Amino acid sequence: MPLPWTLHGDGKDIDASSVVAPGQRLSWPRTIGIGAQHVVAMFGATFLVPILTGFPPSTTLLFSGIGTLLFLLITGNRLPSYLGSSFAFIAPITAATATQGRGSALFGIVAVGVLLAVVGIIVQLAGTRWIDALMPPVVAGSIVALIGLNLAPVAKANFTQAPVTAIITLLAVLLTTVIFRGILGRLSIFIGVLIGYLAAIAFGQVDFSAVKQAPWVGLPDFTSPANPFSTPQVWAVLPAFLPVVLVLVAENVGHIRGVAQLTDPSVNRLTGRALFADGLATTVAGLGGGSGTTTYGENIGVMAATKVYSTAAYWVAGIVAILLGLSPKVGAVINTIPPGVLGGVTTALYGLIGIIGVKIWMDNAVDFSRPTNQFTAATALVIGIADFTLVIGGLTFTGIALGSIAAIIIYHLMSTIGRLRGTDPAL
């Protein structure tokens with residue numbers, strides 16, 4: 001069976017204006033090099049999610065690689081993307097694990113994956129206009145922002161355990177961003193963690209005993225989700241997880257539009273397939289003990305810098321992630337990262353998630369002189385940041401769920417009444 005890529009030119013020399021399309025590739029040594037860059041770009045963010053949630057890093061890396069290969073297959077090898085760990089899952093996973101254990105969190109991940117796959121099927125059949133109607137930019141931005149800012153207390157808790165290490169890590173992230181250009185600047189989180197980790201080693205805060213005992217090759221830890229029929233109390237975690245679907249939809253749609261702008265506008269027609277693929281990858285990960293996935297903007301940065309959009313490079317990246325996931329020693333090393341390093345990096349990282357929401361507002365020129373937009377964002381953010389809680393029977397609705405619901409209801413309620421009364425016309 002012939003490989004699905006054609007060779008770009010001679011596969012070796014490309015000038016500054018050349019673009020390697022998704023269906024093309026460079027020579028295999030160069031393709032492997034580009035794939036290695038994608039691994040580095042995704043690694044810093046992907047390994048942080050299991051560290052912050054207590055999930056096995058090797059398992060998460062393995063399923064991110066498997067998810068990426070599934071994504072490439074389902075999108076017909078036409079949409080260059082890496083599926084890494086989604087930060088949107090951190091808050092609900094943390095809450096569910098603390099109250100009911102890892103199995104309940106995995107059930108929540110599987111539920112999100114199934115629902116996202118269903119959304120993908122609907123989008124494939126009906127298009128994306130209904131998503132834009134349900135979640136206009138002010139709503140989408142509010143939900144993304146409140147999920148990041150809801151995690152601020154977690155960053156503080158880690159930061160205060162080793163403040164000097166945390167400050168070194170945070171400074172390393174900030175300085176790397178402004179000192180370096182290109183790919184190094186985009187890897188500021190990864191480099192910051194590395195520098196903070198070296199500082200933690202110097203301060204005697206890292207324990208390598210588990211690393212010495214871990215084998216180089218072996219299967220990661222697999223964990224099954226809780227059975228909702230034998231343990232019905234796990235249904236109570238769903239209100240915290242379901243808003244993540246809205247975030248994943250927004251992330252995927254935004255990612256696809258970005259890739260389409262860089263490569264070919266016809267890529268937008270793959271939106272339904274992409275959502276289904278991410279949903280399937282998240283479901284598979286949840287069934288085996290990994291975290292949910294999403295398309296990665298970090299890797300778009302690599303493509304923009306190199307002008308190489310070949311999906312062959314993503315096959316390389318996915319295969320490398322699978323191989324890393326099959327090394328317990330790699331997972332053991334990642335697990336040695338101490339709280340001070342995590343506190344420093346998440347102080348910036350969680351804030352950046354919030355700022356992504358703000359960027360959605362700015363990119364779409366959301367008019368905050370309009371009262372509907374003001375109250376939609378203001379109310380949702382306060383509910384999410386303060387982590388309001390509402391208990392109804394056996395269900396507990398946390399700040400993320402309540403803030404997301406509030407953003408949708410407030411916007412559509414005020415917009416509808418405003419249009420009927422002529423006091424707040426749709427803009």
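Any read-out appearing in this document is the output of simple, stated calculations on the displayed coordinates, not a laboratory observation. Remember, it's a predicted structure, so these values are computed and weren't measured experimentally. All Cβ positions, glycine included, derive from the backbone under ideal geometry; neighbour counts span all protein chains shown.
Calculate the translational D of the range 365-407 in whole µm² s⁻¹ from Stokes-Einstein, where the hydrodynamic radius comes from the Kirkwood formula applied to all Cα pairs, the temperature is 10 °C and the viscosity 1.306 mPa s. Working shown, then result.
Working: Rh = 10.9 Å.
This corresponds to a translational diffusion coefficient of 145 µm²/s.
For every other residue with a beta carbon closer than 15 angstrom to the beta carbon of Pro136, add +1 if it is Lys or Arg and -1 if Asp or Glu, then tell me the sum. Write down the numbers at each step before the final one.
Values: positive: Arg129, Arg370, Arg419; negative: Asp132, Asp363, Asp367, Asp424.
With Lys, Arg at +1 and Asp, Glu at -1, the net is -1.
Can you tally the lysine pairs in the chain where the Cα-Cα distance is under 26 Å and the two residues are eight or more apart, or on different chains?
On the way: Lys12/Lys307; Lys156/Lys359; Lys212/Lys329; Lys307/Lys359.
Close lysine pairs under the 26 Å cut-off: 4.
Would you mind giving the average projected area, over all directions, of the Cα convex hull of the range 136-235 in nm² with one decimal?
12.1 nm²
Quickly rank 267-275, 204-212 as a protection proxy: mean count of other C-beta atoms within 10 Å, highest first. Show your work: numbers first, answer last.
On the way: 267-275: 20.9, 204-212: 12.4.
Put in order of decreasing packing, that is 267-275, 204-212.
I need the helices of the chain that pass two filters: whole DSSP H segments spanning 30 Å or more by Cα along the axis, and mean Kyte-Doolittle score no lower than 1.6. Don't skip to the end; give the middle numbers.
Numbers: long enough: 28-53 (37 Å, 1.08); 102-126 (36 Å, 2.14); 339-363 (34 Å, 1.23); 399-421 (31 Å, 1.25).
Length and hydropathy pass: 102-126.
In nanometres, what is the gap between the two model label sites at Val217 and Arg257, each 7 Å from Cα along Cα-to-Cβ?
Taking the simple label geometry, Val217 and Arg257 are separated by 4.6 nm.
Using a Förster distance of 56 angstrom, determine the FRET efficiency expected from the C-beta separation of Phe208 and Phe368, and round it to 0.05.
Values: r = 51 Å, r/R0 = 0.91.
Using R0 = 56 Å, I get an efficiency of 0.65.
Using 0.36 nm times the number of residues separating Val358 and Asn268, minus their current alpha carbon distance, what extension gain do you get?
Details: separation 90, 0.36 × 90 = 32.40 nm, distance 2.38 nm.
Value of the extension gain: 30.0 nm.
To the nearest µm²/s, what D does Stokes-Einstein give for the chain at 4 °C and 1.567 mPa s, using the Kirkwood radius over alpha carbon pairs as Rh?
Values: Rh = 22.2 Å.
Using the Kirkwood radius from Cα pairs, D works out to 58 µm²/s.
For Ile121 and Leu171, compute 0.36 nm times the residue count separating them, minus their Cα-Cα distance, and round to one decimal in nm. Each step should come with its number before you reach the end.
Numbers: separation 50, 0.36 × 50 = 18.00 nm, distance 4.41 nm.
Here the answer is 13.6 nm.
How far, in nm, would the chain grow between Phe388 and Lys156 when pulled straight, counting 0.36 nm per residue and subtracting the alpha carbon separation?
Working: separation 232, 0.36 × 232 = 83.52 nm, distance 1.87 nm.
Additional length available on full extension: 81.7 nm.
Would you give the gap between the C-alpha center of the range 192-248 and the C-alpha center of the range 261-319, rounded to a whole Å?
Using only Cα atoms, the two centres lie 22 Å from each other.
In deg cm²/dmol and to the nearest 500, what is the mean residue ellipticity at 222 nm of the chain if only DSSP H runs of at least 4 residues count, each as -39500 (n - 2.57), divided by the residue total? Mind dumping the intermediate values first?
Working: 20 runs with 288 residues, N = 427.
Per the formula, -22000 deg cm²/dmol.
Which percent of the Cα-Cα distances in the range 236-314 go past 16 Å?
Working: 1774 of 3081 pairs.
When every Cα pair of the range 236-314 is considered, 58 percent fall beyond 16 Å.
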